Every structure is written in structure tokens, then in C-alpha cells.
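Step one of this worksheet: look at the structure below.
The values are calculated or read from the model by the stated rules, or taken from the named source; none is laboratory data. Just so we're clear, the structure is a prediction, and the values are computed from it rather than from any experiment. Methodologically, a virtual Cβ is constructed for each residue, glycine included, from the backbone with ideal geometry; neighbour enumeration extends over all protein chains shown. For accessibility, only protein heavy atoms count, side chains too; no ligands or nucleic acids. Shrake-Rupley method; radii C 1.70, N 1.55, O 1.52, S 1.80 Å.
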Amino acid sequence: MAEDPLLSVKDIVVDFKTRYGNARVLDHVTLDVNSGEILGIVGESGCGKSMTALSIMGLVPNPPGKVTSGSIKIDGMELVGMDVDRLRQIRGKDIGMIFQEPMTSLNPVFTVGEQIAESVRLHENARPKAAMDRAVEMLAAVEIPEAETRAKAYPHQLSGGMRQRVMIAMALACRPKVLIADEPTTALDATVQAQIFDLLQDLQEETGTAIILITHDMGAIAELADTVAVMYAGRVVEKGTVDAVLSAPQHPYTKGLITCVPHLEPDPPVERHELMEIPGVVPALTELGKGCAFAPRCGEAIEKCSGEKPRLLATGDAHVTACWVAQQERAQ
Amino acid sequence: MGVWNTIAKRVGYGLLLLVAVLILNFVLISIAPGDIADTIAGDMGGADAEVMAEIRTRYGLDQPFYVQLWRYLSGVVMFDLGHSYFFNTPVTTLILEKLPATLLLVFSAQILAVIVGTLLGVMAAKKPNGPLSLTVTFLSLFGFAAPVFWTGILLIILFVSIFPVFPVAGMVDVTVEGGFFVQALDVLHHLTLPMITLASIFLALYSRLARASMLEVLGADYVRTARAKGVPERVVLYKHALRNALGPVVTVAGLQFSAVISGAVVVEAVFSWPGLGTLALQSILARDTPTIMGILFFSSFVVIIVNILTDIALRLIDPRIKSG
Ligand SMILES: Nc1ncnc2c1ncn2[C@@H]1O[C@H](COP(=O)(O)OP(=O)(O)OP(=O)(O)O)[C@@H](O)[C@H]1O
Ligand SMILES: [Mg+2]
């Protein structure tokens, strides 16, 4: 890639101190987001998707968590270890974030207009009146009808879908370079989910904001994202353009994820090991062995898999995979 | 307008409650053995049946119970709470004279306890395992365990013999001369110790409550949202979190108000504060029933008003509390 990526996450390690010992929640996660692109992150519950987002925001709960090593750069500016006041100026200004739970992510005691306007006042030194005007404008932009009236509403007076729109308006109010959407639709009805995805896509086309879209929804990834990263137990196991990864998944875990979604069958279909569902559960992060974390659940595992962790290596054009089997096949 | 409806409703309930309090007090006092005539006769060193009857007629005690009750209630409507035979003054005059001192003590102690308690709680919640947090926990245990009179007496000992900077008795220094401002300062000077003594018990309660409430709120998703917006930590604490954490503190402060008034009775006695508490003690010892009933009435009245104010405050804090 010729130009530097807008956001580059390199070898981020996040450790959590727990009663059962150290949990490596993120293990050398590396991701790039180019401006104007949508990066999808997928993976099972607990694989570290939200933690990746929080480490970019500098919001890893500390204690017990800690960014142990690695680098996160936005526009070439290093965020890891940055002074809290500087970081605060970047949060909400250069990086906006929306969360999984629209029902609880808005403050119940302030009007939604005030909550959006606060961001504008903070980052653009706007006067209250101007900030409120921007809030109303943003509410209209996320297709909330009667934006002026709704700005005066409290969160409990709005539906879940509306609240998520408010969250999106809030995250975009200062025209961030990157928007992180952490499972923005998980808590919503199917029809509302589609509306929110449409909205994100429209806004992305209009503003050119890069988006990191975290989701369980492979269908949404196929439709919206340009690139995709698949995570498992705190690591990125496969990464590449959506076309490459979805049409020719290399990691058995990715294959499993895709075959779980009927209409996303790759072409030609990967051979199905009995699965419509990936057997087993994600291992506890405090009990990870020295091998590939997926090996115990993997139908293709070879001896090497339980002995040494595979690294991400090219398995195609714009496509990397951390899997011994896939890498061997590629080498042949 | 929903708010006004609610307030009107609360005021209505309050009035009903007051009437109930009045009736209950009246009934309780009348079923207690002995009446004013006995007391007066006792003070006079004995009286014969004729004199007793005369006293009873003078105070209306010869009338049937419901007539007495009716007279009392209709008197109260006109702010006439009867006549204190002990002080030989109308009860209303007596109480209105002492009420300001008590209100000053009670409200200043309550406000001090709520504000300082909440601030301590917030600061403790910032570092749940830090030294301040431990101090708050310790302080609240101490506050629960220490009786008011004991705290008061300790303060008196401390300020009489070690740092004689605050007066330990009374409300004004008669030798102080000057305009309103000077007089007010003098009152504040006298107020300091009784206020701190009375506040200390409740301060402990409120700080522990604020700490717990803040700790819960600080884990909420909307606090994370505020941080993600780049809100400075101080604003996260005092605007986003505290506004949400305040509910339990205000609720309990409202409920505790009657306890603050009871505490004031003791504190007034310890510091010779010339308020209703002192009057209550005197009238109880003298079996001056009209005055006792008047004081009960006024304190119920204040408690009911404070409850209504608490309700309004809760509504202002949290828009989710619906009218009704
Ligand atoms: N406070 C904490 N203490 C210990 N471990 C934690 C803590 N918070 C998160 N974790 C662990 O970090 C891991 C990653 O969590 P994360 O929230 O990033 O998962 P996720 O991929 O976003 O899952 P989901 O799809 O459920 O949102 C999980 O295994 C979780 O158990
Ligand atoms: Mg998550």
C-alpha cells in the first residue's frame, strides 16, 4: 500500500489481571484502516473485539486491564502512552465510537440534544447555541424526524433504534476521521438493524469517515465492509479484503463462521466437516497453551498446531492467515 | 404542568397527614393518665374538687372528647395552638420565638452533611481502594457508632480547653454590638459547633451512600460514552455520574430529616441552643401538654414540607420520575 493507513494498530497486547492469573485479552493484534474504508471485525463473543476498540480509544479499564505493548497511530500520531489530556482531545474529535447497548449508553438525565452538543462544545469551542444547532443538524442527518423537537427529548422517551441513531449522531458530531461501531445493531430488531446498517453506509459515503465495524453479522460484513479481520481468543487469525476472505477463507475458524451463514457459502463450497456450528467453546484466556488457540476445536488440526502458535502470513493477494495447515497448503 | 399537578397532590396528602398527626397527638395525650388540672393542682400544692372543676371548665376539659378535639382543630386552622399555662403565653407565640433557632440549626446541619458527605463520597469513589475511601468507610462506622451527645461533649471539651475559638453554649453573645452583619456573624460563630455535631452523624451516612451510589454509576455504559466523547474526567465525575448518583442521597436525606430534628433536641440540650428542642424538654418536664402538642405539630409540619421539597428535587434531578 502506497500511502500510510489512517489508523494503524500494531502488535497491541492487552493484559488483564484476574483472580485466575494473567489473561492476555489481546495478543499482538495488528490492523490497518485506510481513510474512507470500512474494516469489519468478526469473531465469537469474548474474542477481544470490544477490547480492540477500547484500546484504540485509550479506554481499556485500568485496573485490571493494561496495554502492555504495541502501537496505535492515527495520522501518524502515537496514541499508546499519550498524555491523558491530549488523548481526551482526540477521543470524540478524531475517533468517534458507538456502543453495543443503545438502551444504556445514553445518559438518562440529559436531553439527547445536550449530549450531542456537549461534544461539539468540547472539541470545537462552540457556543451553546451553535453547538445545539449542530446537534439538531446531526439528528436530522441520522434521519430522525422532527429533529428539533427530538433534541429536547430524554433518552427514555426514544426507542432503541432512535437511541442508536442518537449515538451515531453523537459520534459523528465532530466529523471524526474514524468511527468505531461496536456491534451497533446487536440489541435491535431485525428491521431496525437493516436501517442502521443502511444509515452507516450512507453516512460513510457522504462524509468519507473510515469505519471499524464490529459485528457478529457476516452478512453485514459482506455487504458493507472493504476489508475484514477475523479474531479468535485475542488474536487476529485471518485478515484481508472482504472479497478474498469470504470467497476463499483459509482459516478453519473463518470457514466455520461462514458456513454458519447459509447464503454466504464460499464458491466453491469448502468441504463441510459436520459443521453448521463450530463445536466447542472459546478457551479461557488464562489457560491458553503454547499452540494455536483454535486447535482443540479444529477439524483440520495437525501435530504442529498444538505445539506452536502460527503467525499471520500471506495466503493470497491482500490476504493473510495464521494457520499452519493453510500456510502449508499455500507452500505446496 | 404535570409537575404542578404532582405538587398539588403532594400538598393535599401533606395536609391530610397533618390532620391525622393532630388527631393522633390529641388522642394520645388525652388517654394518658392525668390532665392539666392535675398538673396545675400539683404545682399549687394540692386543690380541692371545686378548684379542680373550675380549672377543668376554664380549659374546656369538662366538654365531651369530640368537642375538645373540634375546638383544638379549629384553633389550629387559625394558628391558635392553645395556651401554655406553664409559660403563660400562647403556644404559637412561644414556638415561633424558638422555631428560627431550630430551623437554622437543623437546615444548616443537614445541608452541611449532604454537601460534604456527597463530595467525600464522590472523591472516595474515584479511588475505591484509596486512603480517602478507607477514611470514608471508617468515618461512617464511627458516625454510626458515636452517640450525638458524646460527639458534642468531645467537641465541647476540645474547644473549651484546647482551642477556645468557638463558643460552646448559647446562640448569641450579648456583649457583641453592631449592625445586622456583625450580629449574623456572631450567630454563625455560635452555630459552628452544634452544627458540626449534628451534621457528623448524617455526614457519615451520606458519604457512604454517595460513595456506593457513585461506584455503581461509574460502571454504567453512559459514563463510558462520556469518556469516549472526550469529556474531562472531572466533568465525567461531577456532571455525568454525580447527577445520576444523587437520587439515593437526596431520597435518604429526605427520609432522615425527622431524625435530624430528633438529633437537634439532644444537640440543643448539649450546647444550650435556644431552640424548640430546649422548649420541648422544658414543656415535657412541666407536663405542659398544649406546648408539647404544638411542638409535635410544628415538627410534623416541617417534615412534611421537607418531604415535598425532596420530591420536587428528585424530579428535577431525574426526568424519568413521572408525575403521579
Ligand atoms: N474487567 C475484565 N476482567 C477480566 N477480563 C475481562 C474484563 N473485561 C473483559 N475481559 C475479557 O476480555 C475478553 C475480550 O472481551 P471483549 O469484550 O473484547 O469481547 P468481544 O469480542 O467484544 O465479545 P462480545 O461479542 O461479547 O462483545 C473476554 O474474554 C473477557 O472475558
Ligand atoms: Mg463486545
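Output the number of the condition that residue A:82 fails; it satisfies all remaining conditions of (1) more than 9 Å from chain B (Cβ to nearest Cβ); (2) within 30 Å of residue A:189 (Cα to Cα).
If we test residue A:82 against (1) more than 9 Å from chain B (Cβ to nearest Cβ); (2) within 30 Å of residue A:189 (Cα to Cα), just (2) comes out false.
Looking at B:102, B:118 in this structure, which one is surrounded by 13 or more Cβ atoms within 10 Å (Cβ to Cβ), more than 25 Å from residue B:265 (Cβ to Cβ) and in the same structural domain as residue B:200 (by TED's automatic domain parsing)?
B:118
Out of everything in the stretch B:234-290 that is open to solvent by less than 20 Å² (accessible area, probe 1.4 Å) and over 24 Å from residue B:101 (Cβ atoms), what residue ends up being nearest to the chain's Cα centre (by Cα)?
By that ranking, first place goes to B:249.
Give the number of residues within the stretch A:55-79 that are more than 11 Å from chain B (Cβ to nearest Cβ) and out of contact with any strand residue (DSSP E or B) (no Cβ under 7 Å at 6 or more places or on another chain).
Matching residues across the stretch A:55-79 total 4.
Just wondering, is there one or more residues in the stretch A:114-124 that are under 26 Å from residue A:160 (Cβ atoms) and not in a helix (DSSP H, G or I)?
No: the stretch A:114-124 contains no residue that is under 26 Å from residue A:160 (Cβ atoms) and not in a helix (DSSP H, G or I).
Give A:274, A:329 a once-over and let me know the one that is on the phi > 0 side of the Ramachandran plot and modelled with pLDDT under 85.
Answer to the check: A:274.
Quickly run through the stretch A:125-140 and pick out the residues that are surrounded by 17 or more Cβ atoms within 10 Å (Cβ to Cβ) and more than 17 Å from residue A:162 (Cβ to Cβ). Break it down into steps so the answer makes sense when it comes.
Filtering the stretch A:125-140 down to residues surrounded by 17 or more Cβ atoms within 10 Å (Cβ to Cβ) leaves A:126, A:131-136, A:138-139.
The answer is A:126, A:131, A:132, A:133, A:134.
Against the conditions (1) touching a helix residue (DSSP H, G or I) at 6+ places or on another chain (Cβ under 7 Å); (2) at the interface with chain B (Cβ under 10 Å from one of its Cβ atoms), where does residue A:185 fall short? Just the number, please.
Condition (2) is where residue A:185 drops out.
Residue-by-condition table, conditions (1) at pLDDT 85 or above; (2) touching a Phe, Trp or Tyr at 6+ places or on another chain (Cβ under 8 Å); (3) exposed (fewer than 12 other Cβ atoms within 10 Å of the Cβ):
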position	(1), (2), (3)
B:8	yes, no, yes
B:11	yes, no, no
B:31	no, no, yes
B:41	no, no, no
B:44	no, no, yes
B:48	no, no, yes
B:64	no, no, yes
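Could you check, for the stretch A:61-76, whether at least one of its residues is within 16 Å of ligand 2 (Cβ to nearest atom) and crowded, with 24+ Cβ neighbours inside 10 Å?
No, every residue in the stretch A:61-76 fails to be within 16 Å of ligand 2 (Cβ to nearest atom) and crowded, with 24+ Cβ neighbours inside 10 Å.
Yes or no: residue B:142 closer than 18 Å to residue B:102 by Cβ, open to solvent by 90 Å² or more (accessible area, probe 1.4 Å) and in the same structural domain as residue B:115 (by TED's automatic domain parsing)?
no
Criterion first (facing chain B (nearest Cβ under 9 Å), assigned to a helix (DSSP H, G or I) and within 20 Å of residue A:51 (Cα to Cα)) does residue A:167 satisfy it?
yes
Residue-wise test of (1) open to solvent by 30 Å² or more (accessible area, probe 1.4 Å); (2) at pLDDT below 90; (3) among the aliphatic types (A, V, I, L, M).
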position	(1), (2), (3)
A:219	no, yes, no
A:226	yes, no, no
A:249	no, yes, no
A:282	yes, yes, yes
A:291	no, yes, no
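Considering only residues that are open to solvent by 20 Å² or more (accessible area, probe 1.4 Å) and not small (Gly, Ala, Ser), look in the stretch A:5-14 and name the one that is farthest from ligand 2 (Cβ to nearest atom).
A:5
Look through A:50, A:45 and report the one residue that is under 13 Å from the mean Cα position of the chain (by Cα), within 14 Å of chain B (Cβ to nearest Cβ), under 24 Å from residue A:238 (Cβ atoms) and within 16 Å of ligand 2 (Cβ to nearest atom).
A:50
Looking at the stretch A:179-197, which of the residues that are more than 15 Å from ligand 1 (Cβ to nearest atom) and among the polar types (S, T, N, Q) is nearest to residue A:103 (Cα to Cα)?
A:193
If I filter the stretch B:175-198 for residues that are assigned to a loop (DSSP other than H, G, I, E, B), assigned by TED's automatic domain parsing to the domain that holds residue B:266, open to solvent by 30 Å² or more (accessible area, probe 1.4 Å) and in contact (Cβ under 8 Å) with a residue 40 or more places away in the chain, do I get at least one hit?
From the stretch B:175-198, those assigned to a loop (DSSP other than H, G, I, E, B) are B:175-179; that's our starting set.
Filter again for assigned by TED's automatic domain parsing to the domain that holds residue B:266, leaving B:175-179.
With open to solvent by 30 Å² or more (accessible area, probe 1.4 Å) added as a condition, the list becomes B:175-179.
So of that shortlist, the ones also in contact (Cβ under 8 Å) with a residue 40 or more places away in the chain come out as none.
No, the stretch B:175-198 contains no residue that is assigned to a loop (DSSP other than H, G, I, E, B), assigned by TED's automatic domain parsing to the domain that holds residue B:266, open to solvent by 30 Å² or more (accessible area, probe 1.4 Å) and in contact (Cβ under 8 Å) with a residue 40 or more places away in the chain.
Residue-by-condition table, conditions (1) open to solvent by less than 50 Å² (accessible area, probe 1.4 Å); (2) without any contact (Cβ under 8 Å) to a residue 24 or more places away in the chain; (3) within 16 Å of ligand 2 (Cβ to nearest atom):
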position	(1), (2), (3)
A:163	yes, no, no
A:176	yes, no, no
A:183	yes, no, yes
A:187	no, no, yes
A:195	no, no, no
A:210	yes, no, no
A:237	yes, no, no
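Consider the stretch A:15-60. How many of its residues are small (Gly, Ala, Ser), modelled with pLDDT of 90 or more and open to solvent by 30 Å² or more (accessible area, probe 1.4 Å)?
Number satisfying all stated conditions: 2.
Taking only the stretch A:310-332 into account, find how many residues are touching a residue at least 24 places away in the same chain (Cβ under 8 Å) and assigned to a loop (DSSP other than H, G, I, E, B).
5
Restricted to the stretch A:216-252, and to residues that are of a type in the set (Ser, Thr, Tyr) and under 21 Å from residue A:6 (Cα atoms), which residue is nearest to ligand 1 (Cβ to nearest atom)?
Top of the filtered list is A:227.
One line per residue, one yes/no per condition, for (1) within 14 Å of chain A (Cβ to nearest Cβ); (2) charged (D, E, K, R):
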| site | (1), (2) |
| --- | --- |
| B:189 | no, no |
| B:205 | no, no |
| B:216 | yes, yes |
| B:228 | yes, no |
| B:245 | yes, no |
